Amino acid sequence: MKLPGSATAAGTQRYRQRFDGEIPPEHFHQVQGLWMSSIGMGTYLGNHDDATDQQYREAIVRAVESGCNVIDSAINYRCQRSERSIGAALKELTAKGYGRDEVIIATKGGFLPFDGTPPSDPRSYFTKTFIDAGVAAAPEIVGGYHCMTPRYLLNQLDCSLRNLDLECVDIYYVHNPESQLGKITREEFDERLVKAFEALEQMVASGKIRLYGTATWNAYRNPAEAKDYLALAQVVGLAEKAGGKNHHFKVIQLPLNLGMSEALSSANQPVGEKAMTLLEAAQALDVAVMCSASVLQGQLTRNLPELIHDTFAGLQTDGQRALQFVRSTPGVATALVGMKQVAHVNENLQTARIAPASWEQYSKLFQSA
């Protein structure tokens, strides 16, 4: 039987209270009515095999037991195995007394996923699974790998709910929609996005998702002249067109780390007459920001400069310092970090044992730049 319910204000508050006296209260941020941990778990990397599935299950359980209640995935991660590993871990956590209402589950749809393992002939697999089955028509699939029509997204959401064994996901992202820009006109892109948002508003109404948004790589970081640039205010405008003023486009995801700081440093987002950074624009537009690639897939876990060590004192490893940078950035809801081993969970969640850096501490980075 699918696990009923979703994350709630009361449930996430109860989760936060589990760690009273153990974890500083500032580790949790109140975001869109939910208490979210400032460190979240990503499930992107890893082999598509049973051993990695087991690693992820154990790591997810350990993460939730250690103060992390945000779990992020996508249907295409590890050929749908990451979602299935989360579903198995949630069953185990339920048996340990954790409620579904305490944990925020996010996933994504847009890329055509494999199932279990990569097929020997991807083209014939895609044709049979998506085109022949009537899930998507060939012209709707851009670049041979991406689709965001209502019919396709609703199919993928249902697949994700089966994989996760849940009745509802808390956050559902259209995954890298900007990958279609440059291959279709911006006018056509906007029309596709409005239709996708209309479908997701219907899914909110039917109780299959709570909130939706866009998970991106380049879109919100690039200069305005880039072909795959997106202005957040314009995307929110499309959500208003789809769902009115009370739309549920309330969360976005993009990379932020010591090597990719555009969300914090680049005033590339127009809101009204003002040019803002992405983080400023999101705050003005009431959109929560989840940050991916906090340690840049391990590249920021070693050889960081002394300035970083000095700024983020009290931490033992460069991975923890890189994570502290992201979770301390004003306007960031959650810093996501991929963790498939319990040892990585233990190291990263040690960071939660100290409060995010104060602005006085954090701003030293820029005074010294």
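The values are calculated or read from the model by the stated rules, or taken from the named source; none is laboratory data. Predicted, not measured: the structure shown is a model, and the values here were computed from it. When we count neighbours, we look across all protein chains shown, and the Cβ atoms used for this are built from the backbone with ideal geometry, even at glycine. Remember, those area values only see protein heavy atoms, side chains included, never the ligands or the DNA or RNA. Shrake-Rupley method; radii C 1.70, N 1.55, O 1.52, S 1.80 Å.
For segment 347-369, the set of residues classified as in contact (Cβ under 8 Å) with a residue 60 or more places away in the chain and either under 21 Å from the mean Cα position of the chain (by Cα) or open to solvent by less than 10 Å² (accessible area, probe 1.4 Å) (or both) consists of ASN348, LEU349, THR351, ALA352, PRO356, listed by residue number. If only residues of segment 43-70 that are touching a strand residue (DSSP E or B) at 6+ places or on another chain (Cβ under 6 Å) and open to solvent by 10 Å² or more (accessible area, probe 1.4 Å) are counted, the one that is farthest from ILE105 (Cα to Cα) is HIS48. Since ALA7 meets every condition but one in (1) of a type in the set (A, V, I, L, M); (2) open to solvent by 10 Å² or more (accessible area, probe 1.4 Å); (3) touching a residue at least 40 places away in the same chain (Cβ under 8 Å); (4) out of contact with any Ser or Thr (no Cβ under 7 Å at 6 or more places or on another chain), which condition does it not meet? For ALA7, the failing item is (2).
Taking first residues from segment 298-312 that are free of Cβ contacts under 8 Å to residues at least 60 places away in the same chain and more than 12 Å from PHE325 (Cα to Cα) and partners that are open to solvent by less than 50 Å² (accessible area, probe 1.4 Å) and hydroxyl-bearing (Ser, Thr, Tyr), the Cβ contacts under 9 Å between residues at least 6 apart in sequence or on separate chains come to THR301/THR317; ARG302/THR317.
When residues of segment 312-359 are filtered for being assigned to a helix (DSSP H, G or I) and at pLDDT below 90, how many remain? Of the residues in segment 312-359, 1 are assigned to a helix (DSSP H, G or I) and at pLDDT below 90. The criterion of being among the hydrophobic types (A, V, I, L, M, F, W, C), under 23 Å from GLY42 (Cβ atoms) and at pLDDT below 95 holds for LEU258. In this structure, GLN202 does not satisfy being among the polar types (S, T, N, Q) and closer than 14 Å to VAL142 by Cβ.
Conditions tested, residue by residue: (1) open to solvent by 30 Å² or more (accessible area, probe 1.4 Å); (2) within 21 Å of the chain's Cα centre (by Cα); (3) more than 30 Å from GLY338 (Cα to Cα).
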site: ARG186; (1), (2), (3): yes, no, yes
site: ALA226; (1), (2), (3): no, no, no
site: TYR229; (1), (2), (3): no, yes, no
site: LEU254; (1), (2), (3): no, yes, no
site: LEU264; (1), (2), (3): yes, yes, no
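Can you spot a residue in segment 285-298 that is of a type in the set (Ser, Thr, Tyr), touching a Pro at 6+ places or on another chain (Cβ under 9 Å), farther than 23 Å from ARG192 by Cα and modelled with pLDDT under 95? Checking segment 285-298: at least one residue is of a type in the set (Ser, Thr, Tyr), touching a Pro at 6+ places or on another chain (Cβ under 9 Å), farther than 23 Å from ARG192 by Cα and modelled with pLDDT under 95. Do the conditions hold for ARG78, that is, is it in contact with a Leu (Cβ under 6 Å, 6 or more places away or on another chain), farther than 23 Å from PHE249 by Cβ and either open to solvent by less than 40 Å² (accessible area, probe 1.4 Å) or not β-branched (Val, Ile, Thr) (or both)? So ARG78 fails the test. In segment 98-122, the qualifying residues are those that are part of a loop (DSSP other than H, G, I, E, B) and open to solvent by 30 Å² or more (accessible area, probe 1.4 Å), and the one that is nearest to LEU211 (Cα to Cα) is TYR98.
Taking the options ALA275, ALA219, ALA215, ALA288, name whichever one is among the aliphatic types (A, V, I, L, M) and surrounded by fewer than 22 Cβ atoms within 10 Å (Cβ to Cβ).
Going through ALA275, ALA219, ALA215, ALA288 in turn, the sole match is ALA275.
When GLU198 is tested against (1) open to solvent by less than 20 Å² (accessible area, probe 1.4 Å); (2) of a type outside the set (Ser, Thr, Tyr); (3) farther than 22 Å from GLY272 by Cα, just one condition goes unmet, and that condition is (1).
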